[in-house]
């Protein structure tokens, strides 16, 4: 998490110029003393961070330092703005809301000023709020199993228990479903039953 914050500080200084520790702290939702510790860490890592003391002081990047970042065409920036404005119910279902928020902020800050302006305009004007499905802890468990290639038993302890190798998940307007590599079939959420995640891993084909 700290590494992500350091990168975001770098992008903020690159795009906005000199910032105070208070400004950076408010943007990143941490204490100013945390920002100062982060700045020390960045300086030790060799980044040209300059700290100015006094009423007109602040923190900035020296030597015209810039990371290698690529801008977008105007229509591409607007399209990205619409993508970022759309709430993705999969993010909440998989427990990644905070990570998504941080990734979104870093992504936007990585672009030049004009690109960020187009993105900001589109996200402010257009919003997509999808219908939220009922929370189901099995979704998060199966998602981790998909990522880690772990064997899963669905309908656990029932007469219809089935061992599957989950390789993908899809979210439809009504529910989720998981793909079993062993059968090549999609298994709908209503048919999962009780789920048991094994420590045993499989090798996807």
Name the residues in region 149-174 that are at negative phi and part of a loop (DSSP other than H, G, I, E, B), would you?
156, 158, 159, 160, 161, 165, 172, 173, 174
Which residue out of 51, 39, 22 is in contact with a strand residue (DSSP E or B) (Cβ under 9 Å, 6 or more places away or on another chain), in a helix (DSSP H, G or I) and either surrounded by 13 or more Cβ atoms within 10 Å (Cβ to Cβ) or not assigned by TED's automatic domain parsing to the domain that holds residue 169 (or both)?
39
Test residue 146 against the stated conditions and say whether it is in a helix (DSSP H, G or I), surrounded by 12 or more Cβ atoms within 10 Å (Cβ to Cβ), without any contact (Cβ under 8 Å) to a residue 40 or more places away in the chain and within 27 Å of the chain's Cα centre (by Cα).
yes
The condition from (1) within 21 Å of residue 19 (Cβ to Cβ); (2) part of a loop (DSSP other than H, G, I, E, B); (3) touching a residue at least 12 places away in the same chain (Cβ under 8 Å) that residue 46 misses is numbered (3)
In this structure, is residue 133 under 20 Å from residue 94 (Cβ atoms), buried (at least 18 other Cβ atoms within 10 Å of the Cβ) and out of contact with any helix residue (DSSP H, G or I) (no Cβ under 6 Å at 6 or more places or on another chain)?
yes
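The values are calculated or read from the model by the stated rules, or taken from the named source; none is laboratory data. Only a predicted model underlies this, so the values are computations on that prediction, with no experimental measurement involved. Note that each Cβ is placed from the backbone with ideal geometry, even for glycine, and that neighbours are counted across all protein chains shown.
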